[in-house]
Each structure stands twice: as C-alpha cells, then as structure tokens.
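Peer 1: Here's a structure for you.
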Amino acid sequence: MLVYPFNTNKANNKKLIFILIYKQQYSNRMKKITTIAFILSVFICNAQDTTKVIPSVEKSVFGIQTGWLGIYGYNESRLSNTIALRSEIGFDGGFWGGSFYPKTGFIAAPILTVEPRVYYNLKKRISKSKRIDGNSGNFVSLKTSFHPDWFVISNYKDVSVVSDISIIPSWGIRRHIGKHFNYEVGAGLGYRYYFAKSAGYLQNESDVAFDLRLRIGYTF
C-alpha cells in the first residue's frame, strides 16, 4: 500500500486526496474488468471441453464398398451421438464349378440390409487424437439382411436363388484412409431363415448364419 503523508499545505493535501480517490476508483475498475475476463475465459474453456468430450457420428454418410464377391451402396444416418442407422443395397456373388459342369458358373443376387450400429469408442479415439470423421471407430451392430428372389445375374440360364432373411449380431471396426477411402473388418454369428416353399421345396428351412466382413470402400 502506498501512503501519501499530509502536510500543512491545503492545496497539496487536496491534490493528494484527489489522487488517492482516483487510484481507488481505478483499482476498483481493474478488479471488475479482471473478474469479468476470468469468468469469460472459464466459460469459453468449458464450452471447448464440452465439445471435446461429446464426439458424434456423422449426420449422414454415403459411399460404396466392395468385398469378397459383392458390391454395395450404403448410407449411415445419425440417430444419436454414438448410434447410426446403416441402410444398404447391393449384390452378393458366388461361383461354382467342377467336372460335373460344362463351365465355371457365377451368380450375383440383390441384397437389402438394415443395420443399427453403436460406435462405442469415439470419445477414446478423440482423447488419443485419432480420427472419427466418416464414422471411423469400433462398433457393435444388429445386421438384418434380405435376399429377394427378384432376379439374378449369371452366365447360366434358368438360375434362381431361394429368398432368405438373416439377423446377425456383429462386431467390427471402420477406418478411413485419406479423405475418401475406408475399410471395414468385422464378424458375427446369427440366424438365417429360408423361404424355401416359395421356390417349390416342401418346407422352409433355417440355419446358422455367419458374417465375415472384409471390405474396402469410397465415401462421397
């Protein structure tokens, strides 16, 4: 604290009193400004921290993927910060051959898929400065697929498929490479039901369904 001694000169005393009052007012203003600046800085930091700790999947992602013997177009739409609904349409393919056939055959049949996904490690990836754009992360899902008996593409005539539906709980990872390319790896085990009667068989059938996923793709 600064102390200004008084003297017998009244003019000087008035000046000293004025200076003391001015300094006190100036000090009060500076305290208010400092307090306001501190509150604003805390608010801004909290807002930034909130953004960091609540990562989210993309609002909507469109792309194409290929893997094994199929090609697929898909969309993933955000349902919440960690849940996306994936809808997919594409073709599953297959080959057959051997000495009983005049030539090696191939077939491609349409497939429709709906798959809710939970991307469960987005926050962890952000904390390690890893990418989550394009829904890059680990996920668990319930993959429901339907093969309709609409048409097939084949080098043999009079070839058809038996319609089936499968429900497969799955686990997988999705990662982006560069700006547009991505890959997915995953696996699952579930249930498949064949509508065999519609194809002329005596009864419908069911079986265990496997999902082994290894795909590369392009995001638009």
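Computed from the coordinates by the stated procedures, all read-outs in this text should not be read as laboratory data. Since we're looking at a predicted model, the values are computed, not measured. Positions of Cβ are backbone-derived with ideal geometry, glycine not excepted, and every protein chain shown enters the neighbour counts.
Peer 1: Treat each spin label as a single point 7 Å out from the Cα along the C-beta direction, and report the Lys197 to Arg175 distance in nm.
Peer 2: Here the answer is 4.8 nm between the modelled labels.
Peer 1: Using 0.36 nm per residue, how much length does the chain from Val152 to Asp207 gain when fully extended, once their Cα-Cα distance is taken away?
Peer 2: Gain in length upon complete extension: 17.5 nm.
Peer 1: Given the C-alpha centroids of region 135-151 and region 50-109, what is the distance between them in whole angstrom?
Peer 2: Going from one Cα centre to the other spans 7 Å.
Peer 1: Shifting gears a bit: Full-extension gain between Tyr183 and Ser60, please, as 0.36 nm times their residue separation minus the C-alpha to C-alpha distance.
Peer 2: Going from the current span to full extension adds 42.5 nm.
Peer 1: Using θ = phi - 60° and the Karplus relation 6.51 cos²θ - 1.76 cosθ + 1.60, list the HN-Hα couplings for region 196-206 in order, rounded to whole Hz, with x at every Gly or Pro.
Peer 2: Couplings: 6, 4, 5, 9, x, 7, 6, 8, 6, 10, 9 Hz.
Peer 1: Then there is this: Collect residues whose amide H, placed 1.01 Å from N in the peptide plane, falls under 5 Å from the amide H of Val152; neighbours closer than 5 in sequence don't count.
Peer 2: none
Peer 1: Now for a separate question. Pulled fully out, how much extra length does the chain show between Leu79 and Arg125, if you take 0.36 nm times their separation in residues and subtract their Cα-Cα distance? Mind showing how you got there, number by number?
Peer 2: Values: separation 46, 0.36 × 46 = 16.56 nm, distance 2.00 nm.
Roughly 14.6 nm would be gained on extension.
Peer 1: Restricting to DSSP loop positions (anything but H, G, I, E, B) with no more than 11 other Cβ atoms inside 10 Å of their own Cβ, which chymotrypsin sites (Phe, Trp or Tyr not before Pro) remain in region 126-177?
Peer 2: Those that pass, being in a loop and sparsely packed, are Trp150, Phe151.
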